[in-house]
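What follows is a set of notes on a single structure, which appears directly below.
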Amino acid sequence: MTATLGARPAPGRGRARARHRLAVLGFMAPAIIGFVLFFGYPLVATVIFSFTKYDLINPPEFNGLANYEFMFKDPLLTKAIANTLWFVVVLTIARTVFALGVASVIARLKSGVGLIRTLCYLPSLAPPVAATLVFFMVLRPNGGPMDSVLGWFGVDSPLWFSDPAWAKPGITAIMLWISGDLMIIILAAILDVPQEQYEAAELDGAGPIRRWWHVTLPTISPVLLFGLVNSVILALQLFTQAVVAGSAGSGAADATGSTKYLGYPDNATLTFPVYLYTQGFRYFDMGYAAAMATVLFVISFAVTIVLVQRMRKNSTAEEGGPGA
(Lines give C-alpha, C1' and ligand atoms only; values in the text may rest on other atoms or scores of the structure.)
Protein backbone atom coordinates (compact mmCIF):
# COMPACT_ATOMS: atom_id res chain seq x y z
CA MET A 1 0.00 0.00 0.00
CA THR A 2 1.42 3.34 -1.00
CA ALA A 3 1.49 5.92 1.81
CA THR A 4 0.20 9.32 0.84
CA LEU A 5 1.81 11.98 2.94
CA GLY A 6 -0.08 15.24 3.36
CA ALA A 7 -3.25 13.82 1.82
CA ARG A 8 -6.26 16.05 2.29
CA PRO A 9 -9.43 14.64 3.89
CA ALA A 10 -12.26 13.73 1.57
CA PRO A 11 -14.66 16.62 0.84
CA GLY A 12 -17.55 14.72 2.38
CA ARG A 13 -15.65 14.16 5.62
CA GLY A 14 -14.69 17.86 5.77
CA ARG A 15 -18.30 18.95 5.34
CA ALA A 16 -19.39 16.48 8.04
CA ARG A 17 -16.86 17.96 10.47
CA ALA A 18 -18.00 21.48 9.64
CA ARG A 19 -21.64 20.53 10.26
CA HIS A 20 -20.64 18.88 13.54
CA ARG A 21 -18.81 22.03 14.69
CA LEU A 22 -21.77 24.20 13.74
CA ALA A 23 -24.09 21.90 15.66
CA VAL A 24 -21.83 22.09 18.72
CA LEU A 25 -21.70 25.89 18.48
CA GLY A 26 -25.46 25.99 18.10
CA PHE A 27 -25.98 24.04 21.32
CA MET A 28 -23.36 26.16 23.13
CA ALA A 29 -24.68 29.45 21.76
CA PRO A 30 -27.02 30.21 24.73
CA ALA A 31 -24.17 29.69 27.21
CA ILE A 32 -21.69 31.69 25.11
CA ILE A 33 -24.11 34.57 24.59
CA GLY A 34 -25.01 34.61 28.27
CA PHE A 35 -21.34 34.58 29.27
CA VAL A 36 -20.52 37.48 26.93
CA LEU A 37 -23.53 39.60 27.91
CA PHE A 38 -23.59 38.98 31.66
CA PHE A 39 -19.89 38.49 32.43
CA GLY A 40 -17.62 39.52 29.59
CA TYR A 41 -19.24 42.87 28.79
CA PRO A 42 -19.69 43.96 32.46
CA LEU A 43 -16.08 42.98 33.19
CA VAL A 44 -14.69 45.02 30.29
CA ALA A 45 -16.98 47.96 31.11
CA THR A 46 -15.87 47.89 34.76
CA VAL A 47 -12.20 48.03 33.79
CA ILE A 48 -12.88 50.93 31.41
CA PHE A 49 -14.91 52.86 33.99
CA SER A 50 -12.15 52.38 36.55
CA PHE A 51 -10.05 54.88 34.57
CA THR A 52 -12.80 57.50 34.55
CA LYS A 53 -14.66 59.90 36.80
CA TYR A 54 -18.27 58.78 36.52
CA ASP A 55 -21.28 59.67 38.66
CA LEU A 56 -24.00 57.80 36.70
CA ILE A 57 -25.46 61.15 35.58
CA ASN A 58 -22.80 62.98 33.63
CA PRO A 59 -20.75 61.32 30.87
CA PRO A 60 -17.60 59.54 32.07
CA GLU A 61 -14.41 61.62 32.09
CA PHE A 62 -11.05 59.91 31.67
CA ASN A 63 -8.81 60.53 34.67
CA GLY A 64 -6.10 57.92 34.18
CA LEU A 65 -4.88 56.18 37.34
CA ALA A 66 -6.43 58.71 39.73
CA ASN A 67 -8.89 56.20 41.16
CA TYR A 68 -6.17 53.65 41.83
CA GLU A 69 -3.87 56.27 43.33
CA PHE A 70 -6.62 57.44 45.71
CA MET A 71 -6.86 53.92 47.14
CA PHE A 72 -3.53 54.46 48.90
CA LYS A 73 -4.87 57.65 50.54
CA ASP A 74 -8.36 56.51 51.55
CA PRO A 75 -8.44 55.82 55.32
CA LEU A 76 -11.82 54.05 55.17
CA LEU A 77 -10.51 51.73 52.48
CA THR A 78 -7.68 50.77 54.81
CA LYS A 79 -10.26 49.91 57.47
CA ALA A 80 -12.31 47.90 54.96
CA ILE A 81 -9.21 45.99 53.83
CA ALA A 82 -8.28 45.22 57.45
CA ASN A 83 -11.79 43.87 58.16
CA THR A 84 -11.73 41.80 54.97
CA LEU A 85 -8.30 40.35 55.79
CA TRP A 86 -9.63 39.43 59.25
CA PHE A 87 -12.42 37.45 57.62
CA VAL A 88 -10.01 35.91 55.10
CA VAL A 89 -7.81 34.53 57.88
CA VAL A 90 -10.32 33.72 60.63
CA LEU A 91 -13.30 32.70 58.52
CA THR A 92 -11.21 30.59 56.13
CA ILE A 93 -9.60 28.57 58.91
CA ALA A 94 -12.75 28.32 61.04
CA ARG A 95 -15.02 27.34 58.12
CA THR A 96 -12.68 24.64 56.83
CA VAL A 97 -11.96 23.18 60.28
CA PHE A 98 -15.65 23.29 61.24
CA ALA A 99 -16.78 21.59 58.03
CA LEU A 100 -14.02 18.98 58.36
CA GLY A 101 -14.95 18.26 61.98
CA VAL A 102 -18.67 17.86 61.26
CA ALA A 103 -17.97 15.71 58.20
CA SER A 104 -15.59 13.47 60.18
CA VAL A 105 -18.20 12.95 62.91
CA ILE A 106 -20.97 12.16 60.42
CA ALA A 107 -18.72 9.73 58.56
CA ARG A 108 -18.31 7.65 61.75
CA LEU A 109 -22.03 7.45 62.55
CA LYS A 110 -23.72 4.10 62.18
CA SER A 111 -27.41 5.10 62.25
CA GLY A 112 -29.45 8.17 61.41
CA VAL A 113 -26.77 9.37 59.01
CA GLY A 114 -29.23 10.60 56.37
CA LEU A 115 -31.26 12.67 58.82
CA ILE A 116 -28.23 14.24 60.51
CA ARG A 117 -26.59 14.97 57.16
CA THR A 118 -29.77 16.68 55.98
CA LEU A 119 -30.10 18.73 59.16
CA CYS A 120 -26.49 19.90 58.85
CA TYR A 121 -26.94 20.83 55.20
CA LEU A 122 -30.32 22.61 55.46
CA PRO A 123 -28.96 25.90 56.93
CA SER A 124 -26.89 26.43 53.77
CA LEU A 125 -30.17 26.65 51.82
CA ALA A 126 -31.46 29.52 53.95
CA PRO A 127 -31.42 32.95 52.25
CA PRO A 128 -28.47 34.98 53.58
CA VAL A 129 -30.72 37.82 54.80
CA ALA A 130 -33.02 35.44 56.68
CA ALA A 131 -30.09 33.53 58.20
CA THR A 132 -28.48 36.74 59.42
CA LEU A 133 -31.72 38.03 60.94
CA VAL A 134 -32.27 34.69 62.70
CA PHE A 135 -28.80 34.88 64.23
CA PHE A 136 -29.42 38.51 65.21
CA MET A 137 -32.55 37.48 67.11
CA VAL A 138 -30.79 34.52 68.74
CA LEU A 139 -27.81 36.63 69.84
CA ARG A 140 -29.91 39.64 70.86
CA PRO A 141 -28.29 40.88 74.11
CA ASN A 142 -31.52 41.86 75.87
CA GLY A 143 -33.88 38.90 76.13
CA GLY A 144 -32.43 36.78 73.33
CA PRO A 145 -32.10 32.99 73.68
CA MET A 146 -28.30 33.14 73.94
CA ASP A 147 -28.57 35.89 76.57
CA SER A 148 -30.91 33.69 78.62
CA VAL A 149 -28.62 30.64 78.37
CA LEU A 150 -25.56 32.62 79.41
CA GLY A 151 -27.58 34.16 82.25
CA TRP A 152 -28.12 30.71 83.74
CA PHE A 153 -24.35 30.49 84.25
CA GLY A 154 -24.03 34.07 85.49
CA VAL A 155 -22.26 35.25 82.33
CA ASP A 156 -23.11 38.60 80.77
CA SER A 157 -23.98 38.33 77.10
CA PRO A 158 -21.84 40.37 74.68
CA LEU A 159 -23.51 43.07 72.64
CA TRP A 160 -22.56 41.13 69.50
CA PHE A 161 -23.58 43.20 66.46
CA SER A 162 -23.57 46.41 68.52
CA ASP A 163 -20.02 45.88 69.81
CA PRO A 164 -17.03 46.44 67.46
CA ALA A 165 -15.13 43.63 69.21
CA TRP A 166 -17.90 41.05 68.71
CA ALA A 167 -19.48 42.06 65.38
CA LYS A 168 -17.01 40.14 63.21
CA PRO A 169 -17.11 36.97 65.39
CA GLY A 170 -20.90 37.13 65.17
CA ILE A 171 -20.78 37.23 61.36
CA THR A 172 -18.26 34.38 61.42
CA ALA A 173 -20.73 32.31 63.47
CA ILE A 174 -23.37 32.94 60.81
CA MET A 175 -21.02 31.78 58.05
CA LEU A 176 -20.18 28.62 59.99
CA TRP A 177 -23.86 27.82 60.44
CA ILE A 178 -24.45 27.97 56.69
CA SER A 179 -21.31 26.05 55.70
CA GLY A 180 -23.21 22.83 54.99
CA ASP A 181 -22.24 22.91 51.32
CA LEU A 182 -18.54 22.60 52.14
CA MET A 183 -19.33 19.96 54.77
CA ILE A 184 -21.09 17.79 52.16
CA ILE A 185 -18.12 18.05 49.78
CA ILE A 186 -15.63 17.05 52.48
CA LEU A 187 -17.92 14.25 53.67
CA ALA A 188 -18.05 12.81 50.15
CA ALA A 189 -14.24 12.89 50.02
CA ILE A 190 -13.93 11.14 53.39
CA LEU A 191 -16.37 8.40 52.37
CA ASP A 192 -14.40 7.93 49.16
CA VAL A 193 -11.17 7.03 50.97
CA PRO A 194 -10.38 3.36 50.17
CA GLN A 195 -11.05 1.08 53.14
CA GLU A 196 -7.94 -0.91 52.25
CA GLN A 197 -5.78 1.97 53.44
CA TYR A 198 -7.51 2.03 56.82
CA GLU A 199 -7.14 -1.74 57.16
CA ALA A 200 -3.44 -1.59 56.28
CA ALA A 201 -2.85 1.18 58.81
CA GLU A 202 -4.77 -0.76 61.46
CA LEU A 203 -2.64 -3.84 60.84
CA ASP A 204 0.44 -1.65 61.38
CA GLY A 205 -0.91 -0.73 64.81
CA ALA A 206 -2.27 2.74 64.00
CA GLY A 207 -5.11 3.90 66.23
CA PRO A 208 -8.14 5.97 65.14
CA ILE A 209 -6.34 9.31 65.53
CA ARG A 210 -3.26 8.17 63.64
CA ARG A 211 -5.41 6.65 60.87
CA TRP A 212 -7.30 9.93 60.56
CA TRP A 213 -4.05 11.93 60.50
CA HIS A 214 -1.97 9.71 58.21
CA VAL A 215 -4.68 8.26 55.94
CA THR A 216 -7.75 10.50 55.84
CA LEU A 217 -6.09 13.92 55.75
CA PRO A 218 -3.51 13.15 53.01
CA THR A 219 -6.18 11.51 50.84
CA ILE A 220 -8.67 14.39 51.07
CA SER A 221 -6.02 17.14 50.91
CA PRO A 222 -7.08 18.30 47.40
CA VAL A 223 -10.64 18.75 48.66
CA LEU A 224 -9.40 20.62 51.72
CA LEU A 225 -7.35 22.87 49.44
CA PHE A 226 -10.48 23.56 47.42
CA GLY A 227 -12.35 24.36 50.65
CA LEU A 228 -9.64 26.77 51.77
CA VAL A 229 -9.56 28.70 48.50
CA ASN A 230 -13.37 28.66 48.26
CA SER A 231 -13.54 30.12 51.77
CA VAL A 232 -10.97 32.79 50.87
CA ILE A 233 -13.05 33.88 47.87
CA LEU A 234 -16.19 33.83 50.03
CA ALA A 235 -14.49 36.04 52.63
CA LEU A 236 -13.26 38.45 49.95
CA GLN A 237 -16.82 38.83 48.66
CA LEU A 238 -18.58 38.98 52.05
CA PHE A 239 -21.38 41.51 51.65
CA THR A 240 -24.94 40.50 52.53
CA GLN A 241 -24.28 39.26 56.06
CA ALA A 242 -22.20 42.36 56.89
CA VAL A 243 -24.86 44.75 55.57
CA VAL A 244 -27.79 43.03 57.31
CA ALA A 245 -25.91 42.60 60.60
CA GLY A 246 -24.83 46.24 60.60
CA SER A 247 -28.31 47.45 59.68
CA ALA A 248 -30.01 45.34 62.34
CA GLY A 249 -27.42 46.19 64.96
CA SER A 250 -27.75 49.93 64.38
CA GLY A 251 -31.50 49.81 64.98
CA ALA A 252 -31.94 52.45 62.29
CA ALA A 253 -32.97 50.28 59.34
CA ASP A 254 -35.94 51.46 57.30
CA ALA A 255 -38.79 49.36 55.90
CA THR A 256 -36.55 47.98 53.16
CA GLY A 257 -33.89 46.85 55.67
CA SER A 258 -31.27 49.36 54.52
CA THR A 259 -29.63 51.96 56.71
CA LYS A 260 -27.26 54.86 56.41
CA TYR A 261 -25.04 53.29 59.07
CA LEU A 262 -23.29 50.77 56.82
CA GLY A 263 -20.33 49.33 58.70
CA TYR A 264 -21.98 49.66 62.10
CA PRO A 265 -20.65 49.47 64.76
CA ASP A 266 -17.66 51.78 64.32
CA ASN A 267 -16.98 50.40 60.81
CA ALA A 268 -16.42 46.93 62.28
CA THR A 269 -18.60 45.35 59.56
CA LEU A 270 -17.29 47.56 56.76
CA THR A 271 -15.86 44.95 54.40
CA PHE A 272 -14.31 45.67 51.02
CA PRO A 273 -17.51 44.84 49.05
CA VAL A 274 -19.64 46.91 51.45
CA TYR A 275 -17.38 49.92 50.97
CA LEU A 276 -17.43 49.32 47.21
CA TYR A 277 -21.23 49.41 47.29
CA THR A 278 -21.17 52.57 49.40
CA GLN A 279 -18.92 54.41 46.97
CA GLY A 280 -20.85 53.33 43.89
CA PHE A 281 -24.48 53.56 44.95
CA ARG A 282 -24.47 55.96 47.89
CA TYR A 283 -21.87 58.52 46.86
CA PHE A 284 -22.27 57.79 43.11
CA ASP A 285 -18.51 57.62 42.62
CA MET A 286 -18.85 54.83 40.11
CA GLY A 287 -15.34 55.27 38.71
CA TYR A 288 -13.76 54.66 42.11
CA ALA A 289 -16.13 51.75 42.76
CA ALA A 290 -15.18 50.23 39.39
CA ALA A 291 -11.50 50.47 40.31
CA MET A 292 -12.20 48.69 43.61
CA ALA A 293 -14.20 46.01 41.78
CA THR A 294 -11.32 45.49 39.36
CA VAL A 295 -8.85 45.02 42.21
CA LEU A 296 -11.22 42.57 43.91
CA PHE A 297 -11.59 40.59 40.68
CA VAL A 298 -7.82 40.41 40.16
CA ILE A 299 -7.28 39.12 43.71
CA SER A 300 -10.07 36.54 43.42
CA PHE A 301 -8.77 35.43 40.02
CA ALA A 302 -5.24 35.05 41.41
CA VAL A 303 -6.54 32.87 44.24
CA THR A 304 -8.40 30.73 41.71
CA ILE A 305 -5.24 30.31 39.62
CA VAL A 306 -3.36 29.17 42.73
CA LEU A 307 -6.12 26.62 43.39
CA VAL A 308 -5.96 25.22 39.86
CA GLN A 309 -2.15 24.98 39.89
CA ARG A 310 -2.03 23.28 43.28
CA MET A 311 -4.73 20.79 42.27
CA ARG A 312 -2.82 19.98 39.07
CA LYS A 313 0.39 19.45 41.01
CA ASN A 314 -1.36 17.18 43.49
CA SER A 315 -3.04 15.13 40.74
CA THR A 316 0.26 14.83 38.83
CA ALA A 317 2.11 13.69 41.95
CA GLU A 318 -0.57 11.11 42.74
CA GLU A 319 -0.61 9.72 39.19
CA GLY A 320 3.14 9.75 38.63
CA GLY A 321 4.32 8.74 42.07
CA PRO A 322 7.71 9.64 43.50
CA GLY A 323 9.44 9.16 40.19
CA ALA A 324 7.14 11.44 38.23
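A few comments on the model shown:
- Proximal lysines to K53, defined as alpha-carbon separation beneath 16 angstrom and excluding residues fewer than eight positions away on the same chain: none
- Assuming charge only on the beta carbon of Lys and Arg (+1) and of Asp and Glu (-1), the dipole of the chain about its Cα centre is about 1260 debye to the nearest 20.
- Cross-link partners for K168 among the aspartates and glutamates, with Cα-Cα distance under 14 Å and sequence neighbours closer than 8 places in the same chain left out: D266.
- Inter-site label distance for V306 and V105 at 7 Å from Cα along Cβ, in nm: 3.0
- The chain: most fluctuating residue of P273, P42, P128 per GNM, C-alpha cutoff 10 Å: P42
- Here's the picture: charge each Lys and Arg Cβ at +1 and each Asp and Glu Cβ at -1 in segment 100-200, and of A200, M137, L119 the one pushed furthest to the positive end of that dipole is M137.
- Excluding ligands, DNA and RNA, the accessible surface per residue across the chain is 61 Å² with a 1.4 Å probe.
- Close amide H contacts of T52 (hydrogens built in the peptide plane, cut-off under 5 Å, sequence separation of 5 or more or a different chain): N63.
- Two-site FRET efficiency, E199 against M146, from Cβ-Cβ distance with R₀ of 56 Å, rounded to 0.05: 0.80
- For the chain, with +1 on Lys and Arg beta carbons and -1 on Asp and Glu, the positive-most of A165, A268, L228 along the dipole: L228
- Only one of [x] 68, 48, 41; [y] 51, 41, 38; [z] 92, 71, 35 was calculated from the structure for Cα extents along the principal axes in Å, and its label is [z].
- Inter-probe distance in nm under a simple model that places probes 7 Å from Cα toward Cβ, at L65 and Y261: 4.0
- Apportionment of accessible area to carbon and sulfur, the chain, percent (1.4 Å): 68
- For the chain, adding -39500 (n - 2.57) for each run of n ≥ 4 DSSP H residues and dividing by the number of residues yields -20000 deg cm²/dmol at 222 nm.
The values are calculated or read from the model by the stated rules, or taken from the named source; none is laboratory data. Model, not experiment: these values are computed from the prediction. Because the Cβ atoms are built from the backbone with ideal geometry, glycine has one as well, and the counts that use them run over all protein chains shown. Ligands, DNA and RNA are excluded from the accessible area calculation, which covers all protein heavy atoms including side chains. Shrake-Rupley method; radii C 1.70, N 1.55, O 1.52, S 1.80 Å.
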